[in-house]
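Read-outs: derived from the displayed coordinates by stated rules, not from any lab. Keep in mind that what you see is a predicted model, and the values were worked out from it rather than measured. Note that we place each Cβ from the backbone using ideal geometry, even for glycine, and neighbour counts take in every protein chain shown.
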Amino acid sequence: MDRNKTFPFPIPRIGGFFIGIVLLLTPILNTFAGVLVAPTVVILSENDRTGRITVQNPSDKPKEVSVYFSFGLPVSDSLGAVTIQLQDSGVTDPRSALNWIKAFPEKIVLEPGATQVIRLRANPPKNLPDGEYWTRIVVKSQEGETNIPVASDPTKISTRLNMIMQTAIMLKYRTGDLLSKLEVINTDARIIDSAVQVTVDMTNRGNVSYVGILKCKLLDATGKEIANYHIDLAVYHNLTRRFKLPLPGQGFIKPYRTEISISTAGRTDIPEDAIVQGNIINFSKNIE
């Protein structure tokens with residue numbers, strides 16, 4: 001099967017009279033992927049080119065686990081919807097580490113409750129420019145067969161499920177001088193129905209991923225806070241985020257305005273050493 005493709009629907013196999021279901025999941029840590037994977041981000045560098053992840057089978061059945069690498073960054077469309085598409089080949093991004101990261105072992109069988117350490121090693125090309133390089137560690141687990149009850153009529157086709165699930169975590173390799181710098185290139189804030197819709201277009205001007213938090217406050221003419229919102233950011237190249245702030249029908253004085261701040265500080269879901277501290281952005285925008 002081509003790993004570059006995802007199939008969010010059942011795939012029938014008539015000859016064997018069973019249905020295989022393939023689910024591609026991309027959260028960093030996900031119990032539904034059949035196994036637990038930690039840590040949430042792996043950092044390698046020119047000073048330490050080796051790392052590890054731990055894979056645990058929390059179920060009461062053995063699981064076949066395989067580890068491989070893909071390339072996939074958060075990308076957004078014009079509406080601010082963010083997706084990640086994994087690629088195993090045809091990657092042209094100069095920051096890809098896909099071809100020079102290895103895992104040992106690549107395939108294991110985990111007994112119920114068992115834990116396995118997967119070791120990682122980077123073999124980067126010589127004279128690599130300063131900055132950060134990326135790939136995703138994909139952990140695929142295959143569960144045991146599950147019978148599905150069917151009618152006793154012998155003419156009916158029997159079915160069984162062979163569940164194959166995946167989860168992917170980010171690996172970053174760092175070398176030389178690192179610069180985390182974000183630039184906001186466009187902002188739009190407008191009233192739509194009973195909310196203020198805010199769109200922020202950003203571009204990465206550094207040589208590492210900009211990982212942080214975007215915070216937004218909606219204020220009235222007197223500075224009274226109407227609503228607030230925050231969203232986690234991971235900007236690798238360009239990214240657009242769009243969100244809405246609820247707008248009450250009365251009790252606030254126009255014109256309204258938004259105050260937006262972006263910073264690499266404040267993330268609690270990622271280890272501190274996984275974030276290169278960068279610039280802070282503060283600005284406001286009036287809404288008529």
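Pull out the extension gain between Asp232 and Ser66, defined as 0.36 nm times the separation in residues minus the alpha carbon to alpha carbon distance; nm, one decimal. Could the numbers behind the result be given before it?
Numbers: separation 166, 0.36 × 166 = 59.76 nm, distance 2.99 nm.
Length gained, Asp232 through Ser66: 56.8 nm.
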- request: Run the quick spin-label model on Asp273 and Leu36: label points 7 Å from Cα toward the beta carbon, then report their separation in nm to one decimal.
  value: 2.2 nm
field: Ranked list, fewest to most other Cβ atoms within 10 Å of each Cβ, for Arg257, Arg49
entry: Arg49, Arg257
field: lysines whose Cα lies under 23 Å from that of Lys215, excluding same-chain neighbours fewer than 8 positions away
entry: Lys181, Lys224, Lys244, Lys254, Lys285
message: Straight-line reach only, C-alpha to C-alpha below 23 angstrom: list the lysines that Lys61 could link to, leaving out same-chain residues fewer than 8 apart.
response: Lys107, Lys140
field: Approximate spin-label separation Lys244-Asp93, in nm, with each point projected 7 Å along Cα-to-Cβ
entry: 3.1 nm
task: Normalising by the residue count of the range 182-287, find the relative contact order in percent from Cα pairs under 8 Å and 6+ residues apart.
output: 30 percent
statement: Between Leu128 and Ile253, the two model label points (7 Å from Cα along the beta-carbon direction) sit apart by a distance in nm of 5.8 nm
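If you rank Leu36, Leu219 by fewest surrounding Cβ atoms within 10 Å, what's the result?
Leu36, Leu219
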- line: Taking 68-80, 168-180 and ranking on average Cβ neighbours within 10 Å, highest first, one gets 168-180, 68-80
query: Taking Lys63 as the anchor, which aspartates and glutamates have their alpha carbon closer than 13 Å to its alpha carbon, excluding any fewer than eight residues away along the same chain?
result: Glu111, Glu143, Glu145
- request: Give a residue-ordered list of calculated ³J(HN,Hα) values for the range 273-288 (Karplus: 6.51 cos²θ - 1.76 cosθ + 1.60, θ = phi - 60°; whole Hz; x for Gly, Pro).
  value: 6, 8, 10, 8, 5, x, 6, 10, 10, 9, 7, 10, 9, 6, 10, 7
field: Difference of contour (0.36 nm per residue) and Cα-Cα distance, Glu106 to Phe283
entry: 59.0 nm
